[in-house]
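Shown next, in structure tokens, is the structure this report addresses.
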Amino acid sequence: MVLVQPVTASMMAPLAFLAFRSLAGAQPKRAFLHAAGPFAVGIAVAFMRDLVDPLLLAIFFGYGVALYRLTLVGDAAAAEASLQRVRPVLRAARLTAGLMLFFAFADGALAAYTVFHGNADVPAAVGLMNIVAVAAVLAYFLLPETRARPLDEPRDPPSEADRATLASIERALEEASLYKDENLSLSRLARRAGLPPREVSGVINRATGFNLSQFVNNRRVTGVSPSHYRAEARKQQVAEPKAKT
């Protein structure tokens with residue numbers, strides 16, 4: 001069991017990364033290459049035990065950074081998920097990335113500690129690491145999410161290209177009342193609009209200040225596109241200085 005544990009631990013990071021990446025609609029062309037890390041750990045367990053800890057540190061750190069970078073594209077990182085699941089998916093991905101990085105640094109520090117002070121304190125240190133990880137998970141999910149911009153907050157006017165793209169997105173939402181579909185996803189909307197998912201998400205954010213879920217929910221609740229309110233707000237902002245003069 002002691003020999004198997006490092007290999008199974010090394011499999012967790014690539015499997016988590018591939019799972020979240022699949023939600024972005026980006027299937028890796030050479031998924032088998034992600035087995036290289038666990039395979040290397042298995043070789044190290046059998047023949048070079050001193051390399052096990054450095055390999056695990058490198059695997060968790062590398063995949064932690066890769067997973068966090070994946071979330072930086074916003075809603076496009078969960079393009080295949082239904083809109084109501086996008087924010088929880090992104091939060092879970094960021095939390096997973098954070099835990100990978102935490103365990104990478106903690107394991108590295110613990111390995112360095114044992115070199116100078118022996119293994120006597122390892123069980124207590126591992127228990128403390130697990131407590132910190134559990135506390136971080138609870139705190140992360142109990143903390144409120146960042147609130148969206150107020151609808152009347154001033155924003156720079158969208159470019160002509162963004163307005164044209166937003167219009168095509170809105171037309172796609174209106175076709176067969178697509179915006180009413182509870183299983184609507186960014187990927188599905190992008191296919192209907194004939195645009196890349198990342199472009200759909202980016203244009204909506206730049207032109208309206210909302211993410212896709214907020215944009216569609218506003219359409220469902222009010223029956224009017226959020227871009228209409230933005231246009232009215234900009235007209236009012238332009239009219240107010242004129243009225244004062």
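What to note about this one:
- Protection proxy ranking of 168-174, 75-81 - average other beta-carbon atoms within 10 Å, highest first: 75-81, 168-174
- Förster radius 22 Å - calculated FRET efficiency between residue 15 and residue 36 (Cβ-Cβ, nearest 0.05): 0.95
- 3J(HN,Hα) along region 94-100: 5, 5, 4, 4, x, 5, 4 Hz, from the Karplus curve 6.51 cos²θ - 1.76 cosθ + 1.60 with θ = phi - 60°, whole Hz, x for Gly and Pro.
- For residue 43 and residue 85, a Förster radius of 51 Å and the Cβ-Cβ distance give a FRET efficiency of 0.85, rounded to the nearest 0.05.
- Taking all protein chains as shown and a probe of 1.4 angstrom, residue 160 keeps an accessible surface of around 130 Å².
- The largest-to-smallest principal axis extents of the Cα set in region 1-52 are 38, 18, 14 Å.
- Stretching the chain fully between residue 171 and residue 102 yields a gain of 20.4 nm (0.36 nm per residue, less the alpha carbon separation).
- The calculated FRET efficiency for residue 29 paired with residue 222, based on their beta-carbon distance and R0 = 35 Å, is about 0.25.
- Surface/4 of the Cα convex hull for region 173-217, nm²: 2.9 nm²
- Order by protection proxy (mean Cβ within 10 Å, highest first), peptides 180-187, 202-209, 61-68: 202-209, 61-68, 180-187
- Packing-based order for 12-24, 113-125, using average beta carbon neighbours within 10 Å, highest first: 12-24, 113-125
- Whole-percent pair-distance distribution, where bins are 5 Å wide, for the alpha carbons of region 3-131: 2, 11, 18, 20, 18, 13, 9, 6, 3, 1, 0
- In order through region 123-132: 3J(HN,Hα) via Karplus (6.51 cos²θ - 1.76 cosθ + 1.60), integer Hz, x for Gly, Pro: x, 5, 5, 5, x, 5, 4, 5, 5, 4
- Note on residue 32: accessible area is roughly 140 Å² with a 1.4 Å probe, heavy atoms of protein only.
- Qualifying trypsin sites (Lys or Arg not before Pro) in region 22-105, DSSP loop, other Cβ atoms within 10 Å at most 13: 29, 30
The values are calculated or read from the model by the stated rules, or taken from the named source; none is laboratory data. As the structure is a prediction and not an experimental result, all values here were calculated from the model. When we count neighbours, we look across all protein chains shown, and the Cβ atoms used for this are built from the backbone with ideal geometry, even at glycine. For the accessible areas, the whole protein counts, side chains as well, though only heavy atoms, and no ligand, DNA or RNA atoms are used. Shrake-Rupley method; radii C 1.70, N 1.55, O 1.52, S 1.80 Å.
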